[in-house]
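Structure first, then comments.
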Amino acid sequence: MAVEQPGGSGVSSEGASGIPSQGEVKAELAGVCETTLWTLYQRAVEARRPDGLLHDPKAVELVERIDFPFAERFGGGDLLAQLQALRVGSFDREVADFLVRCPRGTVVCLGDGLETQYWRVDNGRAHWVSVDLPESIALRERLLPPGPRQRLVGCSVTDHRWMDEVETEHGVLITTEGLLMYLRPGEVRELIAGCAERFPGATFVLDAVPRWLSRLASKGKVRGHGFQAPPMPFGMDADERDKLATAHPGVVEVRDVLPLAGRGLLGRLIPAAARLPLIGSRRPSVVALRFADRARG
């Protein structure tokens with residue numbers, strides 16, 4: 001997502017050799033699909049910094065390879081890149097912890113776009129399933145062709161046929177980073193319920209924007225430079241997370257995943273602010289759900 005931001009770019013237009021990148025792969029995505037380019041760019045901005053919070057050379061490589069006006073379209077700035085890195089870090093920690101517990105498990109990434117988490121946290125044994133709309137998957141396949149333990153599925157996450165592609169024998173973790181805000185509330189509940197039914201014992205990690213941001217996006221007021229964020233029908237204040245358990249009886253645990261401290265004074269204050277009653281309830285949140293080993297009816 002984008003918010004009003006200062007100008008400037010944290011990612012050089014030059015490749016590793018110092019020669020301007022030619023952009024060998026053209027990206028033509030619109031609407032919700034374009035947000036995968038926004039999040040990719042913010043990760044690359046942060047990864048470029050010598051004091052960056054995120055080690056993501058694959059994101060930097062992709063920005064250099066893609067023929068797309070990243071800086072002109074999305075601008076740049078420390079705050080957005082840092083906030084994106086903190087969100088990514090929360091998801092990475094959850095996946096890394098799962099892979100310690102279930103080293104041969106399956107990580108299902110819904111709305112995966114051009115996320116490069118596989119290259120940040122893969123343990124060499126796990127299986128990964130990327131699910132996204134066909135146009136996003138087509139671009140991912142060109143830029144990030146799957147290895148033997150990776151599978152790409154081109155369909156809407158609301159089309160539960162993707163569930164047939166998931167190996168469940170060694171444990172399942174499902175991530176929905178930067179996705180649910182673009183679904184309708186009923187679709188969010190149906191997705192959680194469907195996963196609880198189909199993947200008992202699994203963990204489901206999601207992020208949500210607060211209601212105030214959802215309202216602004218729905219009015220077309222979340223924008224920066226040449227980019228306007230799509231409407232975000234689903235908003236949830238952080239103190240409402242326990243309501244997620246009502247989606248299905250199989251949701252037996254709802255856990256807040258707080259960010260680690262960031263860079264500078266603001267970055268150091270973020271974890272503390274998340275615990276304050278008023279500010280903390282109106283922040284973007286990352287939440288982990290755990291499903292019962294046997295879904296209960």
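Bear in mind that the values in this text are calculations on the coordinates, not laboratory data. If you're wondering where the values come from, they're calculated on a predicted model, not measured in any experiment. Heads up, the Cβs are rebuilt from the backbone with ideal geometry, glycines too, and the neighbour counts pull from every protein chain shown.
With each label modelled as a point 7 angstrom along the Cα→C-beta vector, the Glu28-Ala273 pair spans 4.1 nm. Using the Cβ of Val157 as centre and a radius below 11 Å, the other residues enclosed give a net charge of -4, where K and R count +1 and D and E count -1. Counting only lysines at least 8 places from Lys219 when in the same chain, those with an alpha carbon closer than 28 Å to its own are Lys243. A simple rule links phi to the HN-Hα coupling: the Karplus curve 6.51 cos²θ - 1.76 cosθ + 1.60 with θ = phi - 60°, which for the stretch 165-182 gives 8, 9, 7, 10, 4, 10, x, 9, 10, 10, 10, 9, 6, x, 10, 4, 4, 8 Hz, with x for Gly and Pro. Computed from backbone phi, the HN-Hα couplings of the stretch 203-211 come to 10, 10, 10, 9, 10, 9, 8, x, 4 Hz, rounded to whole numbers (Karplus: 6.51 cos²θ - 1.76 cosθ + 1.60, θ = phi - 60°; Gly and Pro given as x). Taking packing as the residue-averaged number of other Cβ atoms within 10 angstrom, the listed peptides 274-286, 68-80, 203-215, 105-117 run from highest to lowest as 105-117, 203-215, 68-80, 274-286.
Would you calculate a helix-derived [θ] at 222 nm for the chain, using -39,500 (n - 2.57) for each DSSP H run of n ≥ 4 and dividing by the full residue count, to the nearest 500?
Working: 10 runs with 104 residues, N = 297.
Estimated from H runs of four or more residues: -10500 deg cm²/dmol.
Taking every DSSP bridge with both residues inside the chain, close to 40 percent are antiparallel. Computed over the stretch 179-230, relative contact order equals 31 percent, with contacts defined as Cα pairs under 8 Å that lie 6+ residues apart.
Over the chain, what relative contact order in percent results from Cα pairs under 8 Å that are six or more residues apart?
It rounds to 18 percent for the chain.
Couplings 3J(HN,Hα) for the stretch 28-45, derived from phi with the Karplus relation 6.51 cos²θ - 1.76 cosθ + 1.60 (θ = phi - 60°), are 10, 10, 9, x, 4, 4, 5, 4, 5, 6, 4, 5, 4, 4, 5, 5, 5, 4 Hz, where x marks Gly and Pro.
Close amide H contacts of Ile174 (hydrogens built in the peptide plane, cut-off under 5 Å, sequence separation of 5 or more or a different chain): Val108, Thr203, Phe204, Val205.
With a Förster radius of 51 Å applied to the C-beta separation of Asp159 and Leu79, the computed FRET efficiency comes to 0.90. Annotation: aspartates and glutamates with alpha-carbon distance below 19 angstrom to Lys26 (same-chain offsets under eight excluded): Glu14, Glu34, Glu61, Glu64, Asp67, Glu72, Asp112, Glu115, Asp132, Glu135, Glu141.
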